[in-house]
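Notes follow the structure.
The values are calculated or read from the model by the stated rules, or taken from the named source; none is laboratory data. On a predicted model such as this, the values are computed, not experimentally measured, just so you know. Cβ placement follows ideal geometry from the backbone for every residue including glycine, while neighbour counts extend to all protein chains displayed.
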Amino acid sequence: MLRRATLAALAAIGITGAAHAQTPARNQIVVMREIDSDRYDPHRSTALAGGEVMTMLADTLVAMAPDMRTIRPLLAERWEVSPDGLVYTFHLRRDVTFCDGKAFTARDMAFSLNRWIGRTTPRVTSPVAWRAGDVKEITAVDDHTLRYELNRPFSELLSQLTLFFASAIDPATVERLGDNFGVQGFNGTGPFCWGSWTPRQEMVLNRHQAYRWGPDFYTNRGPAQVERVTWRVIPEAASRVAALQAGQADITQYIPPAFVEALSRVPTVTRHTQPNYFWDVFMGFKVDKPVVNDIAIRRAVHMAVDRPALVRAVWAGTAEPARNIVNPNAADFDAESDRMVPGFDRAAAIRTLEEAGWRPGPDGVRVKDGQRATFMTYAINTLDNQRMGEIIQQALRQVGIEMRIQLFDATVAWGRLATQEFDAFFLSYPYVSATDALNLYWHSRNRPTPNRMNWADPQTDAWLEAGRSALDPAERARNAALIQRQLAEQAPWLTVARTSLTLFSSNRVQGVRAHGLYGAGLYKVLDVRTVR
Amino acid sequence: MIRHGVQRLLLALPVLFGVLLIGFLLMQVVPTDPATVRAGPQATAEVVAAIRTELGLDEPVWKQFFLYVWRLAQGDLGVSIINNVPVSQELGNTIGPTLELMFAALVWSIPLGIALGTVAAYLRGSFVDRVVMAISVAGVSVPVFFLGLLLIWLVGFQWQLLPFTGRGGPLWTMDGLLAIILPAITLGGVFVGPVARMTRSAVVDALQAEHVRTARAKGLGEGAVVRRHALRNALIPVVTLIGLQIGFLLGGAVVTETIFSWPGVGRLAVGAILSADFPMAQGTIIVLSAGFIIINLVVDLLYGALDPRVRG
Amino acid sequence: MSTPLLEIDGLRTVFRTSSGDVPAVDGVSLTVRRGQTLGVVGESGCGKSVLSLSIMRLVAHPGRIAAGRVLLEGRDLAALSAAQMRAVRGRDIAMIFQEPMTSLNPVHSVGFQITEGLAAHEPGLSRAELRDRGIEALRRVRIPSPERRLEEYPHQLSGGMRQRVMIAMALAGSPKLLIADEPTTALDVTVQAQILDLLRELQAQMGMAIILITHDLGVVAEMADEVAVMYAGKVVERTDARRLFDDPQHPYTLGLLGSIPRLDEERENLLAITGSVPPPFALPPGCRFAPRCPFAIPACDAAQPPLLEVEPGHGAACIRAPIEESLAA
Amino acid sequence: MAAPVKPSVLRMLGRDLGGALSLGMVVLIVLAAILAPWLSPRDPYETDLLAIMQPPSAEYWLGTDGQGRDILARMLFGLRVTLLMGLASLLAGGVLGALIGFCAAFYRRADGLLMRFMDILLSFPAILFGLALAAIFGPGEVSVVIALSIATVPLMARIVRGSALVVMGLDYIEAARAIGMSDGRLIWRHLAPNCLSAIFVFSTLRLGQVILLGSALSFLGLGAQPPLAELGAMAAQGRNFLFIAPHISVIPSLGIFVIVLAFNLLGDALRDALDPRLRI
């Protein structure tokens, strides 16, 4: 009833159109998002909020096609891999320049990749250096040839090299700005150049006029059609929805699920979806902290939360409820482990707790050996996290577990999530395959971040290593399956939802295509142009 | 006049000092160590120590304070922990929009409030008076965000009349003007009530003054009597009270800026506090307080201009 | 001496209260002749100030004129429109008040306040002409260096100066009638005399009539040609100044006179007035002075005595008048 | 000297329509807050995932919020939190402010210093205290209460000092001192009762303002934290669904408006009844 009325209202508005001013200028687009990044340095920032801007500011050796499988040339026009899978030789384009006009060389690329893996001075340690594989050496053979040598084969290297962490940046600018690289300026080879940044408000990018080397899945390979892209932070979901409808902004992927269906029916707005998209929302437990170190508690949490109902309430049809850690559509997904993950069964949850010795306390919270069943959860302050948190909190209260929640502004949250102050946390993350996902979170080497679960299991590490360096895909899948089953049984995290990428654009712009690499909806925006 | 000004200025100094001190102490008791925050989660102890020295955090507190005031006097408010941008630069970017918003809110609400209050005072006890007083007590009681949300919902969303996210540009452009209307109505809306209330009671008092009777005995028209002899005198207390209410307006500005994504100091302050950017938070608080003091000073001077007894 | 300048006939001014209309001025009739001074005397609260405000039609809400006529050169002021009445104020009738500090607006300069009324009545005057008129007005009231004073503010002036400014302001429009409501009460004695001298002098110069409202019989003796004595909203005795002092006919007047210490005469039974003025909402049915009157007889409580001529040109509202005869009787 | 709050005040309030109405409203609000557990149709934290964002209906009188919680229940319990926060800050700030005000009026030598200090406090708008304290202690109800208490101190001090000074000028204080009455006793017996009506009127009006400020801080995310039912925080949460289900934020906002309005009207009526000359 309510929904129908809302739809009617939204549709009516759409028909009358957004007549009033404040439309962005011609050839300029405004992209809205919910949060800002703390900085824009590809090697010091892992947030989507950073990545979505950096994919425009910088390029990588290779590009990921929208099917999320095919690797296409970008800065490298071609490459060879040695038969043992250890040496990659990239032949770089000769016409590439940085935003400041300087020519781009293999030395710049080598510097950037070495900086990623912490082999430059001053040393920068990217939290995701492991994504580069077990690197022996990255060197520039000549101005246009790059040699990437591994100690062990890494089956996923090319996919990893499409991510913004592997971006090419200008060594001179890095040296000049020091700590302020990506804060006060940037110099890359991307289709757009750093204009100005007002943290938590606006990031302005200007067209890179010399850009001609866009990936071949774009009709226009450069320069970009629009002269300026303004990334505007609008924390209020409702304001983003309205601004899009009113034509005050052009594109956003941050539309709360509750609005997606209604907004899709507004004629002045176009919806773009990307089916090849793996971005999961989960709740992780620090397995070495009191209360949540008890497998009974963790399994009880799984059984207490009605994930399908929760996902329906929070994501309103734009996400699927999850069970296993890995999306069933992703490579190396293990169906058996999906069945092993405990599902919603409140009675079973209570039984599990009782059997483990957690007895109801005077205030309804269970107690075991003088320890109350209470734990602290940290998360970024977003609407979804707020709502999910409150629903889980209530669900746990009904089985006698107290969950406290502390939400942090995005700029602080990453710092707080790197500490050991909390017991559980909500995050969401993108991945390309099961091996990718498992490597990210479960290797003991990746503690304290991104392995915030403090999961340190030699067996897991061994399986991960084996899978990573396997040259045979079946061998890789077998190892991945073993880890998935282990985690299903141990329940160190609760996968809540599998989100989908939905991008909305106003009819003022055309040529929008949802991409979704590492969650970034827009990628290079080369084909986007304004029609008014 | 000049003496009065200098006197007020001298009186404002200890207040300003107090503001600085409180602002400084507030940040001293913050449980989070700025150096650790700035160094980032992966920093080694040496890096943290180096940053501590760089920030002067190893000095005794009193020395840190004077260091701080000294830097402040040179316009150096420190550097944001989040993005290393000088706080003064960020404040420079945001102070304009905030002043713009305050101006746009005051430019209609004060005249309207004064007009309503004067009419109510003149027609004291009448139906008009009751209506004005009802409006003003409602104005004093309404949460800023309620007014803002209603305007966004109805004017912005349902009727699609005006934009309500962000600043459209400088005020002299069409976009800038349109974008400021709803925020200015919101912020000004909660100010009309108090101004009308204060004006009414001041004008009621002034109307009873004997010089008003003198003015009437001179054969002046009612308009001139009310304007020159009641309102003109009532403005003296009204201006003072409006000055005192500016703090109230600042609070409203913080909420208004947040609701309308207005890129001002208030929104910067909330953002800085939520992201534990202490130098930025400190800077915004000092600037907002200093602004408050300056406004009060201006009001004091205006008081002098309005009241010849003070001038002499 | 055809028509008198001002003729008040049966003026009744009431105040609306929660217990009905209360009269402050109750059926007062008076005449003022051109160039002459009428003194109105009475204790505070007797309605003399309300009377003066009623003439100007400046009685504030909740008061209003309920009955009677105020004829200025035959024109009924009570029947004028608000705009017509404004034209009368300041030009035909001007007024000065008791408290020169509060009666001047502290936020406007002396010059502005003096010329403001002129500008209202003669819109054609230029700035320079207004200034000249202002200077002239100040000079008339003997204020030294008027050019400079014009720029000053009331708080910069002494009490006497302020009252001179008030007078200058009132006389700037050359009125035919000046109502002076206790013009010297707030001033100290030496200044009082100066102001009274000034008023007399100006009256002679400009030929205006004055209604002098005061509680001070000394001032009346010095200034007035005719005197009306008011008690509880009514005129109880009316005659010329000489006769009032020589031959008072109303017991209240006697009382007032008695309360002036006299050096030339020893009086055994000094007629001091006991009790206090009855509040306007609790007036006795008969003679309003009866409860305090040493000569009261039962008949006094029966009906209000009308103002009757005891002799030509001398009226008194007392059934026992003339007093000497009744005392003798 | 009897306390000036006598039954006659109630009678006077009763005679004034606005006063009677506002008194009735305040009584209803307070009763609703006290009786929340008994009045509430269901648990304010219970989420019904099958009934999210429901408009007001026979089952949910005020509808449900984004998590399927009953808004009526949350309003009733939120009223408690909102009122308690207001009362706590008024009490803490008021007591301290009154003490400072008495001291300033009584010990004239301390007056200048104390009042200058109060001026400095006044230079910090309340919302800035809220921001600063949220930075120090982290966002939460405690920060808000402390901030609003501090902001109330100088106001109360000024009011009390003003009323106390009037009494201090009277002869009998000198007389009482002369007969050797102790300072504390003098303040308690003579100064305090005379300031009571001013304190009473100020407190009523201030309670409205404090609630308004507190809800604004909660709305900004610096006060009460979700899922705690607090009206400002509820309005903030509902803001996200403003265009889909406006009642989620409009109802709590309206609630705050009504509460503050009731206290402001009552304060005005009290002032008119107790002392029309008070300028608060």
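Quick look at the values:
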read-out: Test result for residue D:257, at negative phi, of a type outside the set (Val, Ile, Thr), in a loop (DSSP other than H, G, I, E, B) and facing chain B (nearest Cβ under 9 Å); value: no
read-out: The lone exception for residue B:185 - which of (1) facing another protein chain (nearest Cβ under 10 Å); (2) touching a Phe, Trp or Tyr at 6+ places or on another chain (Cβ under 9 Å); (3) surrounded by fewer than 24 Cβ atoms within 10 Å (Cβ to Cβ) it fails; value: (1)
read-out: Residue count, region C:101-140 (criterion: touching a residue at least 60 places away in the same chain (Cβ under 8 Å) and either in a helix (DSSP H, G or I) or farther than 28 Å from residue B:310 by Cα (or both)); value: 3
read-out: Output for region D:71-127, where each listed residue is farther than 26 Å from residue D:226 by Cα and in contact with an Asp or Glu (Cβ under 9 Å, 6 or more places away or on another chain); value: D:103, D:104, D:105, D:106, D:107
read-out: Verdict on residue B:292 being of a type in the set (Phe, Trp, Tyr) and either crowded, with 24+ Cβ neighbours inside 10 Å or under 16 Å from residue B:195 (Cα atoms) (or both); value: no
read-out: Meets criteria (within 23 Å of residue B:201 (Cβ to Cβ) and of a type outside the set (A, V, I, L, M, F, W, C)) for residue D:268; value: yes
read-out: Where a residue in region A:333-359 is in the same structural domain as residue A:304 (by TED's automatic domain parsing) and its partner, wherever it lies, is surrounded by fewer than 17 Cβ atoms within 10 Å (Cβ to Cβ) and outside any helix (DSSP H, G or I), with Cβ under 8 Å and at least six apart; value: A:335/A:328; A:338/A:328; A:346/A:398; A:357/A:369
read-out: Condition met for residue A:1 (out of contact with any His (no Cβ under 7 Å at 6 or more places or on another chain) and modelled with pLDDT under 95); value: yes
read-out: Condition met for residue A:122 (at pLDDT below 85 and either surrounded by fewer than 19 Cβ atoms within 10 Å (Cβ to Cβ) or assigned by TED's automatic domain parsing to the domain that holds residue A:218 (or both)); value: yes
read-out: Region A:475-516, residues that are part of a strand (DSSP E or B), within 27 Å of residue A:220 (Cα to Cα) and in contact (Cβ under 8 Å) with a residue 24 or more places away in the chain; value: A:500, A:501, A:502, A:503, A:504, A:505, A:506, A:509
read-out: Search result, residues across region D:170-192 that are over 19 Å from residue D:101 (Cα atoms) and basic (Lys, Arg); value: D:177
read-out: Filter result for the condition that a residue is within 10 Å of chain D (Cβ to nearest Cβ) and out of contact with any strand residue (DSSP E or B) (no Cβ under 6 Å at 6 or more places or on another chain), over B:194, B:163, B:170, B:237; value: B:237
read-out: Criterion (within 21 Å of residue B:192 (Cβ to Cβ) and under 19 Å from the mean Cα position of the chain (by Cα)) met by exactly one of B:140, B:131, B:119; value: B:140
read-out: Some residue of region A:212-228 being in a strand (DSSP E or B) and under 21 Å from the mean Cα position of the chain (by Cα); value: no
read-out: Checking residue B:218 against (1) at the interface with chain C (Cβ under 8 Å from one of its Cβ atoms); (2) in contact (Cβ under 8 Å) with a residue 12 or more places away in the chain; (3) crowded, with 24+ Cβ neighbours inside 10 Å; (4) not aromatic (Phe, Trp, Tyr), the condition it does not meet; value: (2)
read-out: Residue within region A:230-241 that is in contact with a Pro (Cβ under 9 Å, 6 or more places away or on another chain), among the β-branched types (Val, Ile, Thr), at negative phi and within 14 Å of chain D (Cβ to nearest Cβ) present; value: yes
read-out: Filter result for residue A:425 (part of a strand (DSSP E or B), under 21 Å from residue A:486 (Cα atoms) and in contact with a strand residue (DSSP E or B) (Cβ under 8 Å, 6 or more places away or on another chain)); value: yes
read-out: Matching strands (runs of 3 or more DSSP E) fully within region C:1-85 where at least 1 residues are at negative phi and within 14 Å of the chain's Cα centre (by Cα); value: C:6-17, C:20-32, C:37-41
read-out: Total residues in region B:197-215, condition within 22 Å of residue C:59 (Cβ to Cβ), in contact (Cβ under 8 Å) with a residue 24 or more places away in the chain and either small (Gly, Ala, Ser) or within 13 Å of chain D (Cβ to nearest Cβ) (or both); value: 4
read-out: Residue in region D:106-126 that is nearest to the other protein chains (Cβ to nearest Cβ), counting only those that are in a loop (DSSP other than H, G, I, E, B) and at pLDDT below 80; value: D:125
read-out: Looking only at region B:118-128, and only at residues there that are without any contact (Cβ under 8 Å) to a residue 12 or more places away in the chain and in a helix (DSSP H, G or I), the one that is farthest from residue B:198 (Cα to Cα); value: B:127
read-out: Region B:198-222: number of residues that are among the hydrophobic types (A, V, I, L, M, F, W, C) and closer than 14 Å to residue C:103 by Cα; value: 6
read-out: Residue among A:418, A:424, A:481, A:497 that alone is buried (at least 20 other Cβ atoms within 10 Å of the Cβ), within 25 Å of residue D:138 (Cα to Cα) and not basic (Lys, Arg); value: A:424
read-out: Close pairs from region B:39-66: first not assigned by TED's automatic domain parsing to the domain that holds residue B:19, partner modelled with pLDDT of 75 or more, Cβ under 7 Å, at least 6 apart; value: none
read-out: Odd one out for residue A:468, checked against (1) at pLDDT below 90; (2) farther than 27 Å from residue A:271 by Cβ; (3) among the basic types (Lys, Arg); (4) not in a helix (DSSP H, G or I); value: (4)
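Quick grid of which residues meet (1) among the acidic types (Asp, Glu); (2) at pLDDT below 85; (3) crowded, with 18+ Cβ neighbours inside 10 Å:
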position: B:26; (1), (2), (3): no, yes, yes
position: B:39; (1), (2), (3): no, yes, yes
position: B:42; (1), (2), (3): no, yes, no
position: B:64; (1), (2), (3): no, yes, no
position: B:91; (1), (2), (3): no, no, yes
position: B:116; (1), (2), (3): no, no, yes
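Matching residues to (1) more than 14 Å from chain A (Cβ to nearest Cβ); (2) within 30 Å of residue A:242 (Cβ to Cβ); (3) crowded, with 24+ Cβ neighbours inside 10 Å; (4) in contact with a strand residue (DSSP E or B) (Cβ under 9 Å, 6 or more places away or on another chain):
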position: D:140; (1), (2), (3), (4): no, no, no, no
position: D:155; (1), (2), (3), (4): yes, no, no, no
position: D:158; (1), (2), (3), (4): yes, no, no, no
position: D:193; (1), (2), (3), (4): yes, no, no, no
position: D:215; (1), (2), (3), (4): yes, yes, yes, no
position: D:226; (1), (2), (3), (4): no, yes, no, yes
position: D:232; (1), (2), (3), (4): yes, yes, yes, no
position: D:238; (1), (2), (3), (4): no, yes, yes, no
position: D:241; (1), (2), (3), (4): no, yes, no, no
